[in-house]
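The values are calculated or read from the model by the stated rules, or taken from the named source; none is laboratory data. Just so it is clear, the model here is predicted, and its values are computed rather than measured. Every residue, glycine among them, receives a Cβ derived from its backbone with ideal geometry; neighbour counts consider all protein chains shown.
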Amino acid sequence: MKDLVFDLINQEKVRQSEGLELIPSENYVSNAVLKAMGSVLTNKYSEGYPNFKGVPGWDEAKIAEEILPNYRYYGGQTNIDRIERLAIDRACRLFHADHANVQPHSGAQANNAVYYAWLNPGDTVLGMSLPAGGHLTHGAPVTLSAQIYHFVGYGVTDAGDIDYDDLEKKALECNPKIILIGYSAFMKIPDFERVRKIRDKVAAKTSHEILLMADMAHVAGLIAGGIHPNPLDYGFEVMTTTTHKTLRGPRGGLILSRGNVASPLKKPEKTLKNIPILIDRAVFPGTQGGPLEHIIAAKAVAFGEALKPEFKDYAKNIVKNAKILATELIKLGFVLQGDGTDNHLILINTKESFGFDGKIYEKALDLIGLTLNANALPSDRGGAFRPSGVRLGTPAITTRGLGDSEMKVLALWMKKVADICKDAGSEENLTKYSAELETIHDEVRALALKFPVPGI
């Protein structure tokens, strides 16, 4: 008898095919990535690490055939080691890193491993506050890391950029062990050079080393595509990221670092130079058990795809589409945080634009097949469940091939739905506009089906 799970998977295929994904943290993977995720590698336990010393820069054919002593706790690892070494090598080449730990199960796991590698309980991390656009793992009180470490938040300016004066002032006051640049709702390009100078200024007045950490989960694909600056090129020791979003790989995490690369078996001195080794020990056995080798294989495939020239065109088109969409929305009366975007992400202030909160707009757009998420704004007072805005982006629709003309159509649909929400006044009243919404839904479906989803 067929399992109902597969019926639901097929329903999700239909939803993805007939709608358009505007959530900026979502994307579509290639058939090759899907195939690796569904491979027999899921059958293997591989606690520990391959022998990775000297891997960056090797010829891939040599990596795929070499048998080296490893640091695993189970036998039968020859093929697993080769695949994980390929993933490490490709990630290092892609992001100009000395070392890559490809084992984190998620971006949150990656961040927590870096904290564990470098901090002692009670140590201070200076990062973007959640209301300003930071991520939960950057110090939200509801998280485990916030119960262990002391987080201080910096903000953003009225123009939507990082408030570097506030960042410097707080760094001098709180003397952090980590200065963290990262976000989940931020539309500008960080000034990594300025942050490094702030770190050096603060470090000159303290007795401890300060780690520069960048959580680039949202823009890693733009960095890989060469259209966004790479923090590792500006003196940052660590960069964490997810491997989906703009990078277009499987759901998972990645930690890239600069410094000494050596066996993780021997505990090194806690210095910035030793951060790659400290991170390996923090991932396993510090914060995780067995790695998901089928996901690591899929990461390796995705990194290989991102190393190809055509990925640069994809990254460029993500930003191009986002800028066009932002411009069209502004023309139609939408108020955008930061007056637009410099990356893949757009944050709309629906409350200021049309007088309603983000939740009614999220629900109404979902009814026509456009998926995004309600999101708080830096000045928000509505709370997490009644935020004053919505967040959207262009990675997924760019993967499907949508371009300039489609961005203009999207903006028009979004304005039509905004007008309906303004008239409705509440989510319950949207049912009165079912006919109008279904008409727009038919138009969305017709356009979506012209741009097939990879793997479906």
(message) Looking at segment 330-352, can you tell me whether even one residue there is aromatic (Phe, Trp, Tyr) and over 22 Å from Ser184 (Cα atoms)?
(response) no
(request) Under 6 Å between Cβ atoms, at least 6 apart or on separate chains: pull out the pairs that start in segment 142-160 with a residue that is assigned by TED's automatic domain parsing to the domain that holds Ala171 and among the polar types (S, T, N, Q) and end on any residue that is modelled with pLDDT of 95 or more and surrounded by 16 or more Cβ atoms within 10 Å (Cβ to Cβ). (result) Ser145/Asn112; Ser145/Tyr115; Thr157/Asp163
(request) Identify the single condition in (1) among the small types (Gly, Ala, Ser); (2) buried (at least 19 other Cβ atoms within 10 Å of the Cβ); (3) more than 26 Å from Leu222 (Cα to Cα) that Ser426 does not satisfy, given that it satisfies every other one. (result) (2)
(message) Given the options Lys323, Lys308, name the one that is free of Cβ contacts under 8 Å to residues at least 12 places away in the same chain and basic (Lys, Arg).
(response) Lys308
(message) Which condition from (1) crowded, with 19+ Cβ neighbours inside 10 Å; (2) more than 20 Å from the chain's Cα centre (by Cα) is the one that Lys201 breaks?
(response) (1)
(message) Which residue is nearest to the chain's Cα centre (by Cα), if the candidates are limited to segment 439-456 and must be assigned to a helix (DSSP H, G or I) and in contact (Cβ under 8 Å) with a residue 12 or more places away in the chain?
(response) Ala448
(message) Among the residues of segment 114-122, are any within 23 Å of the chain's Cα centre (by Cα), on the phi > 0 side of the Ramachandran plot and either touching a residue at least 24 places away in the same chain (Cβ under 8 Å) or not assigned by TED's automatic domain parsing to the domain that holds Val390 (or both)?
(response) no
(message) Taking the criterion of being part of a strand (DSSP E or B) and either over 14 Å from Asp215 (Cβ atoms) or over 23 Å from the mean Cα position of the chain (by Cα) (or both), would at least one residue in segment 155-166 satisfy it?
(response) yes
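Residue by residue, here is whether (1) outside the structural domain of Gly182 (by TED's automatic domain parsing); (2) outside any helix (DSSP H, G or I); (3) among the small types (Gly, Ala, Ser) holds:
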{"position": "Glu328", "(1), (2), (3)": "yes, no, no"}
{"position": "Ser353", "(1), (2), (3)": "yes, no, yes"}
{"position": "Asp366", "(1), (2), (3)": "yes, no, no"}
{"position": "Ser379", "(1), (2), (3)": "yes, yes, yes"}
{"position": "Leu392", "(1), (2), (3)": "yes, yes, no"}
{"position": "Ile397", "(1), (2), (3)": "yes, no, no"}
{"position": "Val409", "(1), (2), (3)": "yes, no, no"}
{"position": "Lys415", "(1), (2), (3)": "yes, no, no"}
{"position": "Asp423", "(1), (2), (3)": "yes, no, no"}
